[in-house]
Structure formats: structure tokens, C-alpha cells
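The values are calculated or read from the model by the stated rules, or taken from the named source; none is laboratory data. Note that this is a predicted model, so its numbers are computed, not measured. Ideal geometry is used to build each Cβ from the backbone, glycine not excepted, and the neighbour counts take in all protein chains shown. Side chains are part of the model used for accessible areas, which takes the heavy atoms of the whole protein and leaves out ligands, DNA and RNA. Shrake-Rupley method; radii C 1.70, N 1.55, O 1.52, S 1.80 Å.
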Amino acid sequence: MAGIILARWIPWTGQQCLYLILACIVAASSGYFFARRYPIWFGISLFGLWVGIGINLYTLLRIENTEGFIGRKYLPGSIVSATLTTPLEEKENAFRAEAKLHQWDSAAASWISLSGNIIIYFSKTIQTDSVGFGSKIAFKRILDPIRSEGNPGGFNYKKFAADRGLFYSVFIEPADFLLPDSGYTTPILPWHIRARDFLLQNIRKYIPDEKCAGVAAALLCGYRGDMDKALVQQYAATGVAHIIAISGLHLGLIMQALTLIFNRIKPIRNRTRLTSAVIIILLWAFTLITGASPSVLRSALMFSVLLLGKVIGREGNSWNSLAASGFILLVANPNLLFDVGFQLSYSAMLSIFMFSRPIAIWFEPESRVGQYVWTLISATIAAQVLTLPFVVYYFHQFPVYFILSNLIAVFLSTIALYVTVVLAVLVWFIPPVAIITGILVSYIIKIMNKSVAIIYSLPFSRIEHLYLSLSEAVWLMAIIFLLSAWLLLKSRACAVWALAFTVLFMVQREYSWYLHGRQKRLVVYNINRYTALDVIDGHTATFYGDTACLDSAWIFNNKIEPSRMYYKVNQTKTIPVDTTAFRIIKMSGVRMLVLDKEPDLMNAGKITVDWLFIATNLRTRPERILDKISCQAIIVGTKLPPYKVQQWHSAIHGLPLRLHSVREDGAFLVDFNRGP
């Protein structure tokens, strides 16, 4: 892991990787020969070898380093052929699909393959039966690079997409593409896609309530496209998001059910080996149907290693299985190390292995029900220990009643999952009974949704507005490990180090708070079709723009609030929008004119400001505006369509003006302490 992290932060060339691995091999070889005399050197050299392997693995498998990388080889305006690698997924305004690309090379008169995939958004006016998984289309529309919004503390979609091999996107209408040869014929879909589509179709058909059907689809198929956004937020805020994201819990329940079924089969020769092999096959079938997310892959590999031990007549070890699954996944795809699901899954399992048994001995219930409940509680508490830094770092909140919510949600989701599986079977044989079963699933999920909603609405149900920088998250993880070593191993040295790290952690946070108290910043947010900016002075943010950004929970929670947490803002103000005149905002000696309505140029005099912010879709030509307004820089908001942004680029060509397009260049950020 150290090698993968190092390669992520410091780019390496192929030649540098070759020299590095040779140096590591020489060092490890020398360490091996002198192991008895210099055991420390042997350990260091061996660690260095693994670091070198990690660096080489990440560098060689990185798509950006391949010869045909789309970011270097794609020529805008050229003819491209796209092969859809995913089924069409319906979104609010389009159908989404991923595709592999080939580009026409006119010089060689042939198609060349480009490494790295794209996202295609099809207009909803297309006929969905004319294009689908496996179809090939040709078009000439220019691809748009996938960009990050650039909002401070916000989600970096560009990095997220790149880790999944996606680098460009394009929106196309039916008239924009051609189907080669005789057109599209439905390909033979991979069996797991056909199975998932069949399950989704019947879940939507037999479960009457849409919200419940969305949860059932998430439970059984790992498909969350039908889930209500507010419901997803409630599950996440109460600490049971793992219920609606296929994880080891679901795979463990499936494995438990399969084991129970096969154990009732009449004993035959080598029954244990045969049933273990069959369960492995069925677990991997379920893994593929649900999309093979990192957490499911981890569970599938772990269970497979344990079951393979039974096949060959050897008992497995959970720790070794966890390590082996992580090693295999990272060798296959080093980028998984930076996947949130991967990090949460492995930290949760490691935490359960380390702490569930010490917590379980706190209390020993006498009844079987009590033992089951206490086992679930101890595992839930244990899972929070090592996942705490990740949860706070990524989601900036902590669920207070996570024990209660997990007790209820895990119990009900277990029943719902098993009944949904029964529903999928009954669809084949007894459709009338499937209708009754669907209603039963709906009632169970309604109870679960209502329980989660009640816990979500309880006072102090969550601690919000928590922010950790990356370094602070690392400090916190180190403190947790040292405290764990002190409690589990009775190591006084670890207790001393934990205390020292805690002091350093607190000092860093207080110093950071002090520095942010002296900050003076401007943030113009990148929010599609909205105007929003914050003028930050110390720990106070003054907002100007569309109040819909503050009223919309989704926009505020995902676009504005992360920035305010990032800059440690604890007080807010709002500048009312002036509907009669233009607003000039003064910040640290800089005057910015906000043009949020059509200017009356006939009666306007010459205006001189430092910056001009185009905050609405103006009809007036840029040249006429620049005749009346003198400025040094222009910020173009997201309300302007791309062709008008291009008009502004053309208008300032040859002039000593800077232009920042929020849509193209990301959020406009200024630190006045460093100069505008």
C-alpha cells in the first residue's frame, strides 16, 4: 500500500520504475545474504522491495501512462466509434451509458483503439430499443473532458471518474450518431446483466410502493437508481448506509442461507467439498449480478478463501483471508485503494476482527436471543472504531444512535432480503403467490424506512459539521491504533505515544483554527444554473446569490456547506439581491460588479471596477458591455450557455483582460492574503 500511495502522489516514468525495482531487488538480495548479521537491514530492504513493487504496479496499470491514452490521442472533431460497455441507465434528463472508443485515423485509413472510456448521455428522444449494451455507434460530436467543479471541500468528480477509467463525456441527440451496417441488433447480454435486469423488472412489478421497490432493488441487486434521495440521506445519517449498499453483510446472509440449505441435503461422499464449491460459485454469481463493488469483492474473496480451505481439507484463517483478498484486489486494480467503499469495508472488517471479541466479553447474556442481540451490538460498536476517521473525513458527520438503528435495520433488512429472494423464485413458478410476497416485502421495508426516519428525526441523532483535513485524519487513525495497542496489548509505551499524538493533533487543529481566523477569501461556487458566492472574513461567510441554493438541501449540503466547513466558517450573513440596481461588492480593496440583470447601456455612464462578474444569461453583446465597463478580470457564471461563454472569449481576444469561466475552469477562488 505504501508503494501505491507514493506512486499516486509522485508520478513516475517507466524508466524510473525500472531503475527503482532493480535497486530494490539488489537491496533485498544483499539484505537476505546478510540477514543474520544485519537483521534490521533485511527488514528494511524487504519493505523497500514491496514499496517498489507497489510503485511499479500502480504506474504500469495506470491508464494515463498507456500509449493510446484518450487524453493524448483524441483529436476533437474526428470521427469516433463507441462500443457501449454498460446498459442504458435512465437519469432525470437523459440516458447514461459508458463506452469504449475507437478513433478514425485518416492517414492510416483505419480505426485506432483509445485507452480510457467515456460517458455518453443520450437524449430521451431516442428509441431505447435501437441502442443498448454492446451496440456500436459512430459520431463526430466533440467530447468534453470530465471536469471537477472545484468547489472547496467538495466532491472531486474528475478524480472519481478517472479512477474508474472515465475521462470524457458527450451528449448526443438521435440525429448526431449513426448505427453502422444494418443497424443495431440486440446483442447477447452477459448473463449477470440479464439476471439483474430480470430481478429489477420483477421487483418493480410485484412490489407496489416505489420507495420500497427502490430499497428492495438496492438490497438484492445493488441498484440504487430507484431510491429516493431523501431516504438515502436518512440511511446515511443514521449509520445504516451499508444496508442499501451491497456489502459483506448481504453476502454473509446469502452464504448463511446457502449453508443451511445444503446442510439439510442427505449426506453423501465429499459433501462438504461439493457444497463448498457450489456455494463459492453461487456467491460469485451474486457478486457479479450486484455489480462487483469493492466491498462485495472483498467479502466474496474472503469467503472463497475460507471455503476453499474446506475444499482442500484445511481450515481457513479470517485474518489471512482478509489480507489475501486485499492483496488480490490491489494487484488487479491499485486504484481501489483510494475507493471510499474499499477503505470503509476493510477498516470495518479489521476493526471487527480486533475489537468484537474484547467487547463481547463485557456482557454474557444467558438466552439465545440475548446472545444474538449482544453479538450484533458488539460487532456494530467494534466496526465504528477504525472507520471513525474515514466517516468523519468523507461524510463530516457521525450517527449518535448507530447501535439502535443497526439493531432495527439489520434485523428487518435480513428478513426483507430473504423474502425478496423468495419473491424472485416464486416469479418463475407461482406468480399469484409472488404478488402476495411482494406486498409482504413492501410492508417489511415500510417498517424499516419508518424506523430509520424516526431515528433520523430524534434530537441529537447525529453530530454534523465535522471536518478533518487529510493530515488530521491520519493523526486520528494513529491515535486510535496506539490506544488499541495500549488496551489490547497492555503496552505503556503505546499509551505514552497515544498521549503525545493527541497533544500534537489538538495543537494542529488549534493552529489551523487560528490561521483561518485571519483569512480573507472569495469563493464563486460552480453550481449549474445558479449564482452563489461567499465572501469569507475570518470565520464569517457573507453570501450573495440565488437564495434557492440555501433553500435546497441537496445544493447546500453538497456544494456550499463543504466549503464553509473546509474554511472553518461558523457564522454566516446574506447580502440581499438588489432588484433595482447593480451590486458592487467590496472585498479587501477589490471592487467587483455583479451583473445579474440586463444593463441599461443607453443611460449608463462609464463604470470602473476591478472585476466583472457575469451572473446571468445576458442578451447584450459582450463588446457593448465592455465599452461601458472597465475592468481587469471577468468571471463568467454558470447561467451563460457555452456558446455565449465563447463570445466573451472572442470579445476579450487581444485585450489585457483575464477571463475565468466557472463552468469550464471550476469555482473562482481568491485568497486576498496572498493578493488577488
remark   = Once normalised by the length of the chain, the mean sequence separation of its alpha carbon contacts under 8 Å that are 6 or more apart gives a contact order in percent of 9 percent
query = Relative to the first principal axis of the alpha-carbon coordinates of the chain, what is the inclination of helix 271-289, with its axis defined by its Cα atoms, in degrees from 0 to 90 and to the nearest 10?
reply = 10 degrees
Summed residue charge, Cβ within 15 Å of residue 620's Cβ, Lys/Arg positive, Asp/Glu negative = +2
key: Apportionment of accessible area to carbon and sulfur, the chain, percent (1.4 Å)   = 62 percent
query = With charges only on Cβ, +1 for K and R and -1 for D and E, what is the dipole size of the chain about its Cα centre, in debye, rounded to 20?
reply = 1040 debye
note = proj_area_mean for the range 372-506 (convex hull on C-alpha atoms), units nm², value 11.4 nm²
key: Helix 492-516 vs. the chain, principal-axis angle (Cα, 0 to 90°, nearest 10)   = 20 degrees
key: Label-point gap, in nm, between residue 44 and residue 473 - each point 7 angstrom along Cα→Cβ   = 3.1 nm
query = Among all lysine pairs in the range 525-672 that are eight or more places apart or on different chains, how many have alpha carbons less than 20 angstrom apart?
reply = 13
key: Ranked order, 513, 648 - accessible area, probe 1.4 Å, largest first   = 513, 648
ask   = By how many degrees, between 0 and 90 and to the nearest 10, does the Cα long axis of helix 39-61 differ from the longest principal axis of the chain?
value = 60 degrees
remark   = Placing +1 on each Lys and Arg Cβ and -1 on each Asp and Glu Cβ in the range 552-676, then taking the dipole about the Cα centre, the residue among 615, 555, 637 whose Cα reaches farthest towards the positive end is 555
key: Additional length obtainable on full extension of the chain from residue 93 to residue 317, 0.36 nm per residue less Cα span   = 75.7 nm
message = Please compute the per residue accessible area over the range 333-474 with all protein chains in place, 1.4 Å probe, rounded to a whole number of Å².
response = 51 Å²
Partners for residue 136 among lysines (Cα-Cα distance below 17 Å; same-chain residues under 8 apart left out) = 100
ask   = Debye sum, Cα scatterers, the chain, no solvent: what log₁₀ I/I(0) at q = 0.05, 0.12 1/Å?
value = -0.30, -1.63
ask   = Out of residues 5 or more away from residue 133 or on other chains, whose amide H comes under 5 Å of its own, with H placed 1.01 Å from N in the peptide plane?
value = 88
Percent of beta bridges antiparallel (DSSP, the chain, rounded to nearest 5) = 65 percent
query = Residue by residue through the range 243-253, which ³J(HN,Hα) values in whole Hz follow from phi under the Karplus form 6.51 cos²θ - 1.76 cosθ + 1.60 (θ = phi - 60°), with glycine and proline marked x?
reply = 5, 9, 10, 3, 9, x, 4, 5, 5, x, 5
task = Sequence neighbours fewer than 8 away in the same chain don't count; with that in mind, list the aspartates and glutamates whose C-alpha is under 19 Å from residue 229.
result = 89, 90, 92, 209, 210, 464, 551, 561
key: Cross-link reach list, aspartates and glutamates versus residue 159, counting only Cα pairs under 13 Å and skipping chain neighbours closer than eight places   = 64, 149, 339
request  = Rank these by accessible area, largest first, 1.4 Å probe: 606, 639.
outcome  = 606, 639
remark   = For residue 440 the rounded accessible area (nearest 10 Å², probe 1.4 Å, non-protein molecules ignored) is 90 Å²
request  = Would you rank 144, 105 by solvent-accessible area, highest first, keeping every protein chain in place and using a 1.4 Å probe?
outcome  = 144, 105
message = Per 0.36 nm of contour for each residue apart, how much would the distance between residue 558 and residue 61 grow if the chain were fully extended, relative to their Cα-Cα spacing?
response = 175.7 nm
